[in-house]
Amino acid sequence: MNKTILAAAAAIGLMAATSTAFAQADNAKKVIATKDAPEAIGPYSQAIKTGKMVFLAGQIPIDPKSGELKADASIEDQTKLVLENLKAVLAADGLTMDHVVSTTVSMQDLNDFSKMNGVYATYFKEAPPARATVQAARLPRDVKVEIAAIAVHP
């Protein structure tokens with residue numbers, strides 16, 4: 001083989017290897033964490049980023065500053081605190097609530113749905129995310145609501 005063909009083959013191989021390394025690095029799993037939201041209370045992360053997607057763990061109504069669980073607060077106050085916690089985790093990765101594409105809302109009592117939904121709607125005014133809402137037999141620490149989310153970087 002002549003030297004030009006070998007040099008071209010080497011350059012193509014280097015570009016392919018570099019492209020693969022960048023693609024793998026972009027899709028690598030990265031933990032997103034902030035002190036502006038409650039610390040994980042088990043073996044999980046506040047959020048995981050892979051590629052352009054961010055998967056946010058379910059948040060419950062814990063005040064991140066005091067660490068106090070607001071289990072006796074109204075469904076409206078719990079929902080607001082949960083969404084503020086999600087907002088803080090998103091901000092730790094440079095995102096806003098507008099980047100959320102899907103949420104899962106778990107509720108202790110679906111009779112509180114309209115109250116939860118009223119607060120929820122104030123956080124997602126334009127192009128609200130897809131959503132699943134379920135009533136759970138029991139939520140962590142006996143709270144009234146837990147919300148998980150998926151967001152995407154532009």
Identify all aspartates and glutamates with a Cα-Cα distance to LYS35 below 12 Å; exclude those on the same chain that are fewer than 8 residues away in sequence. ASP63
Let me spell out the model: positive unit charges on the Cβ of Lys and Arg, negative unit charges on the Cβ of Asp and Glu, origin at the Cα centre of the stretch 68-117. What dipole size does that give, in debye rounded to 20? 100
Quick one: if you stick a label point 7 Å off each Cα along the C-beta vector at ASP142 and VAL31, how many nm between them? 3.1
Förster radius 41 Å - calculated FRET efficiency between GLU39 and SER102 (Cβ-Cβ, nearest 0.05): 0.95
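Taken together, the values in this text are just the output of simple stated rules run on the coordinates, not laboratory data. Keep in mind the model is a prediction, meaning the values are calculated, not measured. As a convention, Cβ positions derive from the backbone with ideal geometry for all residues, glycine included, and neighbour counts pool all protein chains shown.
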